[in-house]
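Worksheet: the structure to be examined is printed underneath.
The values are calculated or read from the model by the stated rules, or taken from the named source; none is laboratory data. The structure presented is a predicted model; accordingly, all values stated were derived computationally and were not measured. Glycine gets a Cβ as well: all are built from the backbone with ideal geometry, and neighbour counts include every protein chain shown. Please note that ligands, DNA and RNA were not included when accessible areas were found on the heavy atoms of the full protein model with its side chains. Shrake-Rupley method; radii C 1.70, N 1.55, O 1.52, S 1.80 Å.
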2 protein chains.
Amino acid sequence: MPDILHRIGIKSSRPEDAYRALTTREGLSAWWTQDTQGEGGVGGAFAFRFGAGGFDMTVVELEPPKRVVWEVVDGPDEWIGTDVIWDIRQEGDHTVILFTHRGWGEPAEFMHHCSTKWAAFLLSLKALLETGTGRPDPDDIKIDNWN
Amino acid sequence: MPDILHRIGIKSSRPEDAYRALTTREGLSAWWTQDTQGEGGVGGAFAFRFGAGGFDMTVVELEPPKRVVWEVVDGPDEWIGTDVIWDIRQEGDHTVILFTHRGWGEPAEFMHHCSTKWAAFLLSLKALLETGTGRPDPDDIKIDNWN
């Protein structure tokens, strides 16, 4: 089954800042969507809402400040049951994040869209950590006619 | 084998403009890399050069203004023998491009990087076609410590 893969590097010596941006409501709402609810311990849940819908995630694994894994429990059919995996490590003067969205059924057009949209949000995460300002929904980078 | 998938939509009623940006030296050098050589008929070849290296592509399929397929004949080991496929169609007031980079061996870290970097260049292509100005190398969006 195909995965969505991405890699970003943040000019930072503090991987714990990236970890915090992925595990707290305050952090997530500053780069992904302003309408983020929930809390981030293992077994906790986040509800991410966008203009057109949203996703509910359960936090299934945490290893500070190295790894975060969510399971999608509600949202578009194609997302339910997939995992979103964040691996964080320090490499010289960059905090590197390897991103994997695993468990897609088919490489349909919606998966193409989500791959590009994840990249746009990862650039938002990078901007947040480097400059203090991200581009969370509804101020996100629009990539196509599905937004 | 995993693929890199992306989708962008350009606010335009002219899919032939997207096709031209993917099949001419002038177009390619305005969104991917300024150091682009070659010509784009079937069987033709392009040489794309960046600071750190580059790619040689053979044009293996053209269907104006709907489809472009390149085969990678030289470049990083992971790229050689892979195909880059561009499917273009008009959808309302957007020209939609489905992008597939097919034939990767393993989902190694370099593939994560290339996936995000392709997204950055596709946003450059979208900007070129919407505003007249792209961000080709060396003015490209830097995504990580590999650039």
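Worth pointing out:
- Restricting attention to the range B:6-36, the residues that are in contact with a helix residue (DSSP H, G or I) (Cβ under 7 Å, 6 or more places away or on another chain) and surrounded by fewer than 16 Cβ atoms within 10 Å (Cβ to Cβ) add up to 1.
- Scanning the range A:124-147 for residues that are open to solvent by 20 Å² or more (accessible area, probe 1.4 Å), more than 14 Å from chain B (Cβ to nearest Cβ) and outside any helix (DSSP H, G or I) turns up A:G132, A:T133, A:D137, A:P138, A:D139.
- Looking at A:I4, A:I10, just one residue is within 14 Å of another protein chain (Cβ to nearest Cβ), in contact with a Phe, Trp or Tyr (Cβ under 8 Å, 6 or more places away or on another chain), under 25 Å from B:C114 (Cα atoms) and of a type in the set (A, V, I, L, M), and that residue is A:I4.
- Applying the set (1) away from chain A (no Cβ under 14 Å); (2) closer than 18 Å to B:K66 by Cβ; (3) open to solvent by less than 60 Å² (accessible area, probe 1.4 Å); (4) more than 14 Å from the chain's Cα centre (by Cα) to B:V42 leaves exactly one unmet item: (3).
- Pairing each residue of the range B:1-29 that is touching a residue at least 24 places away in the same chain (Cβ under 8 Å) and farther than 17 Å from B:G134 by Cβ with any residue that is surrounded by fewer than 23 Cβ atoms within 10 Å (Cβ to Cβ) and among the polar types (S, T, N, Q), provided the two are 6+ apart or on different chains, yields C-beta distances under 6 Å for B:D3/B:T100; B:L5/B:T100; B:P15/B:Q90.
- Residues in the range B:38-49 that are modelled with pLDDT under 95 and within 16 Å of B:P76 (Cβ to Cβ): 0 in all.
- Conditions (1) within 14 Å of chain B (Cβ to nearest Cβ); (2) of a type in the set (G, A, S); (3) surrounded by fewer than 20 Cβ atoms within 10 Å (Cβ to Cβ); number of the one not met by A:G54: (1)
- Some residue of the range B:88-102 being open to solvent by 70 Å² or more (accessible area, probe 1.4 Å), at pLDDT 95 or above and touching a Phe, Trp or Tyr at 6+ places or on another chain (Cβ under 7 Å): no
- Filter result for B:K117 (open to solvent by 50 Å² or more (accessible area, probe 1.4 Å), modelled with pLDDT of 95 or more, within 11 Å of another protein chain (Cβ to nearest Cβ) and within 21 Å of A:A119 (Cβ to Cβ)): no
- Cross-chain or 6+ apart pairs with Cβ under 6 Å, the range B:77-105 first and in contact (Cβ under 8 Å) with a residue 24 or more places away in the chain, then open to solvent by 50 Å² or more (accessible area, probe 1.4 Å) and hydroxyl-bearing (S, T, Y): none
- Residue check for A:V84: open to solvent by 50 Å² or more (accessible area, probe 1.4 Å), more than 11 Å from every other protein chain (Cβ to nearest Cβ), under 17 Å from A:F48 (Cα atoms) and in contact with a Phe, Trp or Tyr (Cβ under 9 Å, 6 or more places away or on another chain): no
- If you go through the range A:98-147 and keep only what is β-branched (V, I, T) and within 13 Å of the chain's Cα centre (by Cα), you end up with A:T100, A:T116.
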